[in-house]
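To start, the structure itself, in structure tokens.
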Amino acid sequence: MMNPTTKLPSSLEQPKERIVSRKNKSFKEIIYKTFIYLLLILISLIMIFPFYWLIRSALMTQVEVFTMPVKWLPSIPQWSNFKEALTSAPFGLYFKNTIFLVVLNVFGALLSNSFIAFGFARISFKTRNFWFGFVLMTLMLPGAVMLIPQFVGWKVVGAYNTYFPLILPAFFGNAFNIFLLKQFYSTIPIEYDEAAKVEGANYLQIWYKIILPLSKPALVTIGVFTFLSVWNDFMGPLLYLNDESKWTLALGLQSFQGHYSSQWNLLMAAAVVMFAPLVILFFFAQKQIMSGANLTGGIKG
């Protein structure tokens, strides 16, 4: 019979030590994950709160918006605020103008940036690195520095109070978008191009039939970024559009604020209508945006 004071063999002690170690490790992981989730929830609530406050105010009366203590929910949702806000100014016209600019800018951005990035990523020529570096250098130019020269240039050619200054630049590429697509194209095996050349395809056919179909996530990402930029653009239309019939939603909302600065419920209702399409767009395109921004490329395996 074994003496109670007899020390157990090391072979029997190790499993117990491992079990205790695993339990401690599992407990620490639970604590760590709980802390991370709580932190993420807190950050999410902080980020969502302005949107909640916007929608809450849009559904209240003017008196309820400023009631103290604060009312967190409207007594009776005032859906008529949206109708009144949208009929107080020609938001339908502003919406059409904005959609017109968005569509042409997205098309121009996808066409020009994908074509330029294809040249840098898939075509080898002597000064390729120099020109690619030159393109990236333009990222260091502050946008404010270019405002006056661009305005003077467009006015000299007679494009003031037209949509040309807000559309044509999209058809000449953007340094950030070119860099994003170039990195994405570089992850697609070059053997695809070589196989296509053997079959008699030229560079234009390779770009259109091979590279573009494999680059949908990156293209969707650029399309969404361009959509957001044009939809929210205030400075461009403010500089170049003098005719009210050509105004965009951003200008219309600013003008509406000037006329209805004391009616915050109507202002909030108009703002909800303006940002709602952005939320819907991101909701449907978030998967493509995440995979495109990841820069993992079109081929996995």
Q. When the Cα centres of the stretch 191-269 and the stretch 34-104 are compared, how far apart do they sit, in Å?
A. 23 Å
Q. Which of these, Ile43, Ile76, Ile31, has the largest mean-square fluctuation under a Gaussian network model of the chain (Cα springs below 10 Å)?
A. Ile31
Q | Selection from Val102, Leu253, Thr187 lying farthest towards where the dipole of the chain points positive, charges on Cβ | A | Thr187
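Counting only protein heavy atoms, what percent of the accessible surface of the chain is carbon or sulfur at a 1.4 Å probe? Provide the component values of the computation, followed by the final result.
Details: 13660 of 19520 Å².
Percent of accessible area from carbon and sulfur atoms in the chain: 70.
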**Q.** Highest to lowest packing among 65-75, 85-95, 179-189, scored as the average C-beta count within 10 Å
**A.** 179-189, 85-95, 65-75
Q: Within 10 Å, count the other beta carbons around each residue, average over each peptide in 206-213, 155-162, and list them highest first.
A: 206-213, 155-162
Q. Which of (i) 1.28; (ii) 1.48; (iii) 0.97 is the computed Cα Rg over 2.2 N^0.38 Å for the structure on display?
A. (ii)
**Q.** Karplus (6.51, -1.76, 1.60) ³J(HN,Hα), θ = phi - 60°, over the stretch 187-193, in Hz, Gly and Pro reported as x
**A.** 8, 7, x, 5, 4, 4, 5
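The values are calculated or read from the model by the stated rules, or taken from the named source; none is laboratory data. Only a predicted model underlies this, so the values are computations on that prediction, with no experimental measurement involved. Counting neighbours? That spans all protein chains shown, and the Cβs are built from the backbone with ideal geometry, glycine included. All accessible areas refer to the heavy atoms of the entire protein, side chains included, with ligands and DNA or RNA removed. Shrake-Rupley method; radii C 1.70, N 1.55, O 1.52, S 1.80 Å.
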